[in-house]
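Trainee: For reference, the structure I am asking about is given below.
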C-alpha cells in the first residue's frame, strides 16, 4: 500500500511524463506488429515496387480462380495474387479466337476462363515453382489450368534492401529518445524521493522495491493496453535497457 | 506541543554506559549513542579530518564550530552515516540508532509542496496513521511559523523558510540524534534564537541529542551546550561552550 500511495503521489507531480513513460513502450511493442506493413508502404512510396519472379495462369472458370487464389495466398513465398480484369482479358481472348477461326460454342467456354498472376516474394527456384504448380494442379483436380512460362527475375542486392531496416530503426530510435526524454525527470524525482524516505524513515532498500513495483505496474497497464498477445522478448529488452538507466544513478544529490 | 512519540523509540534503557566525560570530569549516566574513535577522512589526497575522537550521549547538545573548510560538514556526514570514514571506527551505543540530518544544501524537492516534502518523514513506526502525522506536522508548522506555507511549493519559499522546513523534516520522524549542518545560515539572530529554543525543548524534554555545525563561534557562545572546535580537520577543543 505504501508503494502504491508513493507512486500515486509521484504521478500527481508529473502526470504527463508518467503516462508517456508507461504507455510508450507498449506503443512500441504494438507498433512492432504494424511496423512491417507501414515500412513496406513507405519504402514502396520512396523507391517503388521491386520486380519479382512471377507466373501467369488461366483457370477454366471464375469459381476455380477464386478457390486457387484463396489457397495460393496461404502458401509460403507468395507475395501477391492478382486476377486479370475480365474486360481486359476478354478482348484479347476474342481477338485470338477470331484469328484462329474457332467455333462460337468453343468460344463461349473459352470466354469463361479467368487469368491469374502469382508474384513471389523471394527468388524462387525452378524446383520450388514446380512444387507449387503441382500442388495447384492437384487442387484443381479435373478442372483445367493453363500455365504460362515461369518468369524468374534474379534478386539484385541494392540499397533498397536496407531501407526497411533504416526506416524501422529510425522510428524505434525516435520513440526511444522520446521515452528517455520523459523518463529522466521521473527517475530524478523518484530517486530523490526514495533517498529522502531512506534518510527520514526507518526503512531500507526502498529503491529496488519501488522500481520493482513501478515495473509491475507498467506491465499490468501494458497488458491492459495490448489486450492479449504480448511480444515478451521485445518488452524484455526494453525492461533491461530501462533497468540499466535506473541503476546508473543511485544517489540523486552529490556528497559533501 | 507534540505527542511524546520519540521517547520509546529512543531506547535509552538498552545501553547504560556509566563513564566520566573527557571534557568535564563529571559523572555522566546518559547512554552513549555514538562514539568516533580515531576517525580520519580524506578526499583523494586532501585530508579533511584527522584522528577525531568524540562521544555523543543521549541528551547532548553539541555545537561543532570551525572556519569554512575546517571539516565540519565531513564530520557531520560521518556522524550521520552518510559518509564512511577512511580510517578509524564508529560504534553505536544503542540498537537501531536513528540519525536524521539537516543538510547544508537542504535537499528539499523544489517542485513538491512543503507538505509533500514533509511527508517524506512520515515514518509508520512512529505514527499510527496519517491523521496523527498530519496533526503533529500542523502543530510543528505553527511553532516554526511555516503553517501558512504548507501548501506552497518549496521553489516559491525564501531561504529562511526552506531551512525551517528542512529542520521540521528532520524532527518529524523522532530521531535519536539530529545532525544539522549550518541550519540557520539564512536566518537572522531572532529567528535563530527561536529555532534554538525549539531544539533546546526537544533536547531537554525529549532527550533528543543534537549536533549543530556553525562557522559563527560568536553566535554559538550565546547558547548553552557543548562545543567541539575544528581547525584544519583536527579537533582542537571539546567542552562546554560557556567555558570558552
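No lab work stands behind these numbers, since they all come straight from the coordinates. Note that the structure is predicted; figures quoted are calculated from it, not measured. When we count neighbours, we look across all protein chains shown, and the Cβ atoms used for this are built from the backbone with ideal geometry, even at glycine.
Trainee: If each residue of separation counts as 0.36 nm, what is the full-extension length gain between residue B:92 and residue B:215 once their alpha-carbon separation is subtracted? Can you show the working numbers first?
Mentor: Details: separation 123, 0.36 × 123 = 44.28 nm, distance 2.72 nm.
My answer for the length gained is 41.6 nm.
Trainee: Now a separate question. If I model a spin label as a point 7 Å beyond the Cα along the Cα-Cβ vector, how far apart are those points for residue A:99 and residue B:138 in nm?
Mentor: Between residue A:99 and residue B:138, the label points sit 10.0 nm apart.
Trainee: Sort B:221, A:199, A:138, B:206 so that the residue with the fewest other Cβ atoms within 10 Å of its own Cβ comes first and the one with the most comes last.
Mentor: Numbers: B:221 14, A:199 21, A:138 8, B:206 18.
Fewest to most other Cβ atoms nearby, the residues stand as A:138, B:221, B:206, A:199.
Trainee: Name the most mobile residue of B:61, B:133, B:189, meaning the one with the largest mean-square fluctuation, in a Gaussian network model of chain B with Cα contacts below 10 Å.
Mentor: Result: B:189 has the largest fluctuation of those listed.
Trainee: Report, in degrees rounded to the nearest 10, the 0 to 90 angle that the Cα long axis of helix B:159-171 makes with the longest principal axis of chain B.
Mentor: Rounded to the nearest ten degrees, it is 80.
Trainee: Using DSSP, restrict attention to beta bridges with both residues in region B:99-244 and report what percent are antiparallel, rounded to the nearest 5. Let's see the in-between values first.
Mentor: Details: 7 of 16 bridges.
About 45 percent, rounded to the nearest 5.
Trainee: Then there's this: Using only Cα atoms, find the angle between the long axis of helix B:130-144 and the longest principal axis of chain B, and express it within 0 to 90 degrees, rounded to the nearest 10.
Mentor: 70
Trainee: What is the calculated FRET efficiency for residue A:215 to residue B:151, with r their C-beta to C-beta distance and R₀ = 41 Å, to the nearest 0.05?
Mentor: Working: r = 32 Å, r/R0 = 0.79.
So, using R0 = 41 Å, E works out to roughly 0.80.
Trainee: Report the full-extension gain for the segment residue A:170 to residue A:184: residue separation times 0.36 nm, less the Cα-Cα distance, to one decimal in nm. Display every interim value, and only then the final one.
Mentor: Working: separation 14, 0.36 × 14 = 5.04 nm, distance 2.12 nm.
Result: 2.9 nm gained on full extension.
Trainee: I would also like to ask the following. Can you sort B:240, B:215 by how many other beta carbons sit within 10 Å, fewest first? Intermediate values should be presented prior to the final figure.
Mentor: Details: B:240 13, B:215 16.
By the 10 Å Cβ count, ascending, the order reads B:240, B:215.
Trainee: Moving on to the next point. Can you give the FRET efficiency to the nearest 0.05 for residue A:27 and residue B:68, using r as the Cβ-Cβ distance and R₀ = 60 Å?
Mentor: Working: r = 52 Å, r/R0 = 0.87.
The computed FRET efficiency comes out at 0.70.
Trainee: Still on this model: At a Förster distance of 22 Å, what's the computed FRET efficiency of residue B:44 paired with residue B:236, Cβ-Cβ distance as r, to 0.05? Numbers along the way, then the final one.
Mentor: On the way: r = 24 Å, r/R0 = 1.10.
So, using R0 = 22 Å, E works out to roughly 0.35.
Trainee: Let me ask something additional. Quick one: grab the alpha carbon gyration tensor of chain B, order the square roots of its eigenvalues as a ≥ b ≥ c, and give me rounded if a/c is under 1.5, else prolate or oblate depending on whether a/b is larger than b/c. Don't skip to the answer; put the middle values down first.
Mentor: Working: a/c = 1.65, a/b = 1.34, b/c = 1.22.
It comes out prolate by the Cα gyration axes.
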